[in-house]
Amino acid sequence: MSLKTILKVEDLTKYFVVGRSLFNSGEVVKAVDGVSFSLMQGETLSLVGESGCGKSTTGRLVLRLIPPTRGTVIYQGQDIAKLPADKMRKLRSDMQIIFQDPWSSLNPRMTVKEIIGEGLRRQPELSRAQRKKMVLEMMETVGLRPEHYDRHPHEFSGGQRQRLGVARALIMRPKLVVADEPLSALDVSVQAQVVNLLARLKRDLGLSYLFISHDLAIVEHISDRIAVMYLGKLMELASKRQLFAQPRHPYTQALFSAAPTTEVGREKNRIILSGDVPSPLNPPKGCRFHTRCPLAQEDCGQLEPEFKLLAPGHWVACHHPLND
Amino acid sequence: MESLLSIENLEVSFHTSQGVAQAVCGVSYDIGRGEVLGVVGESGSGKSVTALSVLRLVPYPGRISAGRINYEGRDLLKVPEKQMRKVRGDRISMIFQEPMISLNPAFTIENQLTEALHNHRKMSQKEARERAIEMLALVDIPDPAKRIKDYPHHLSGGMRQRVMIAEALLLDPDVLLADEPTTALDVTVQAQVLDLMHRLNERIGTAIMLITHNLGVVAESARRVVVMYCGRVVEQGPVKEIFEEARHPYTQGLLKSIPKPGGRGKLFEMEGIVPSLFELPQGCPFNPRCPQRRPECAQSAPPWREVQPGHHALCWLYA
């Protein structure tokens, strides 16, 4: 892995105002609250966390699909929030997204050639024949057959549709791909096919992935580094090996222990957290996890912990990290 | 273990404009008193339709065309609808994947929980409310006397699923059919709900049929597993044997496709895709994808054989 940074995210923040009306100023949902990380070229960084933790919003902010409330996204040295619209449009082909749901993310009235080739229409220098050739090549790359060229999405299975979504993203020759839960709508046997496809394409095309997922087994399989999010904040960020061998944040530990595995009869020290994830409308004071943390102490409810470096490459936001 | 509910040669077909889809094809398995049975399979394998058939709730245009559901010396497929209503929710109850759809948004939790107690047990409102509060406490709803006045939208996903479990267990049923009960939940909440179901199974002795596509959930919760593919049970046995020494090539492939802890590199991929129920292959429905295919596999249906005591597979390899 080269050590060139492709993406640098600093203090990224997104507040949504909900319930605003003429008479009501509404409430603020702190969906993403001061997230910082960087992504190296050729790396897979996974964002894991439970629903509502802000991982998908982070993915959309990175691509400037929604504007941030605060913070910067620096892509290959350029602050994308400051780019004028025409430059941003050029950059868009460099940064692509694969969505979770292969049913709702494909236009049912478009054919395969239109879905995959749509982005290429922004490149007027390409002739129709060249476009067709590129679409067919990309279809082959992702494992779709040439006879699928004129078909509509409803004629495909879930796994094939997800391949269509991958082809649509990759035909623009992106350098950065945000994959937002690309596997969660798929059956187990199909997941394996798509995981292998993503891994092969990363190797062949030198892609960098921001992989958003809640499935820890898959995350462990495909990531280089992993960031754990909870209620809009990063709790821990480390290499896969560090994180699985020795999680330092109690939330990471609980999350990992809660994931069911297929090893029968192995005694596990499962940590069962009490309660549900609190609402991001009104996150707890101090450390956001302290209301459910089995190791919470008095200061946890008062002071928000800093996201600090505990070991080389291992960042944790906790007043009392594990194994300290 | 004493058999409590047994499904025998169940056949369910869906008659659609595209033709007839055989969603369940000769399925037989039973569940013992107080047992936790895992039923796994991918989408379209017929696992949910089988459970719905037990309660005779198969949605239109589905039809149960053959088979028996033996429960307490009767065939549930033959009892009159009026008696069936006494079985549903009372002796056999069911919970579904999406608790927001299963709870009525226009009624309070109290309304929904006490309805069954009025109808099935003729309880007064006061008695029913007390029983409902007791049940909510049992499923770890904090401050149940207050929460019972809430509407479903006041509750989080995990709480709603717990209310569903409370509702399903109100009448102390013999069997709980749980169809993907934790699929819509986050991992930490899933762990809570599975832990709760376990404790209730041990305490009340309700048998649980846990239907899921998540092999990890089954490995950790069930004692016995039924594996389904294309409307058929392809393997059945003790959970440890299935996960460590699966015999059917489909089960083997499924287990190999899951990423392992500490694993890297290429994942095992099963060849091909699940066939459409409208055009199932001849012989064994898995044969076009099977790495151990033999000539007879494409010709006639495979036999159901015991490969170890209490462990069966539907495969020509063990003929």
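The values are calculated or read from the model by the stated rules, or taken from the named source; none is laboratory data. Everything quoted here is computed from the prediction, not taken from an experiment. Positions of Cβ are generated from backbone atoms using ideal geometry, with glycine treated the same way; all protein chains shown enter the neighbour counts.
Observations, loosely collected:
- All strands (runs of 3 or more DSSP E) inside region A:1-111 with 3 or more residues being over 29 Å from A:Arg163 (Cα atoms): A:5-18, A:27-40, A:70-75
- Exclusive hit being crowded, with 16+ Cβ neighbours inside 10 Å, touching a Lys or Arg at 6+ places or on another chain (Cβ under 6 Å) and in a helix (DSSP H, G or I), set A:Val135, A:Val166: A:Val135
Conditions (1) within 13 Å of chain B (Cβ to nearest Cβ); (2) closer than 25 Å to B:Ala191 by Cα, marked per residue:
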residue	(1), (2)
A:Val195	yes, no
A:Lys202	yes, no
A:Ser223	yes, yes
A:Ala227	no, yes
A:Leu231	yes, yes
A:Leu255	yes, yes
A:Thr261	yes, yes
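Residues are listed down the side, and each one gets a yes or a no for (1) within 15 Å of B:Val36 (Cα to Cα); (2) at pLDDT 90 or above; (3) surrounded by fewer than 21 Cβ atoms within 10 Å (Cβ to Cβ):
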residue: B:Leu155; (1), (2), (3): no, no, yes
residue: B:Gln161; (1), (2), (3): no, no, no
residue: B:Asp174; (1), (2), (3): yes, yes, yes
residue: B:Ala178; (1), (2), (3): yes, yes, no
residue: B:Val189; (1), (2), (3): no, no, no
residue: B:Leu200; (1), (2), (3): yes, no, yes
residue: B:Ile208; (1), (2), (3): yes, yes, no
residue: B:Ile211; (1), (2), (3): yes, yes, no
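- Subset of region A:294-317 [in contact with a Gly (Cβ under 7 Å, 6 or more places away or on another chain), closer than 23 Å to B:Thr188 by Cα and in a loop (DSSP other than H, G, I, E, B)]: A:Glu304
- Residue within region A:167-182 that is within 14 Å of another protein chain (Cβ to nearest Cβ) and under 27 Å from A:Pro108 (Cβ atoms) present: yes
- Look at (1) at pLDDT 95 or above; (2) within 14 Å of another protein chain (Cβ to nearest Cβ); (3) in contact with a helix residue (DSSP H, G or I) (Cβ under 9 Å, 6 or more places away or on another chain) and you find that B:Pro302 fails only one, number (2).
- Scoring B:Glu127 on the criteria (1) of a type in the set (D, E, K, R); (2) part of a loop (DSSP other than H, G, I, E, B); (3) surrounded by fewer than 18 Cβ atoms within 10 Å (Cβ to Cβ) leaves a single failure, condition (2).
- Residues of region B:205-241 that are within 20 Å of B:Ala168 (Cβ to Cβ) and among the aliphatic types (A, V, I, L, M): B:Ala207, B:Ile208, B:Met209, B:Leu210, B:Ile211, B:Val217, B:Val218, B:Ala222.
- Between A:Met229, A:Met235, the distinction of being in the same structural domain as A:Ser279 (by TED's automatic domain parsing), touching a Leu at 6+ places or on another chain (Cβ under 8 Å) and outside any helix (DSSP H, G or I) belongs to A:Met229 only.
- Boolean, A:Cys287 is within 25 Å of the chain's Cα centre (by Cα), away from chain B (no Cβ under 14 Å), surrounded by 14 or more Cβ atoms within 10 Å (Cβ to Cβ) and closer than 25 Å to B:Ile141 by Cα: yes
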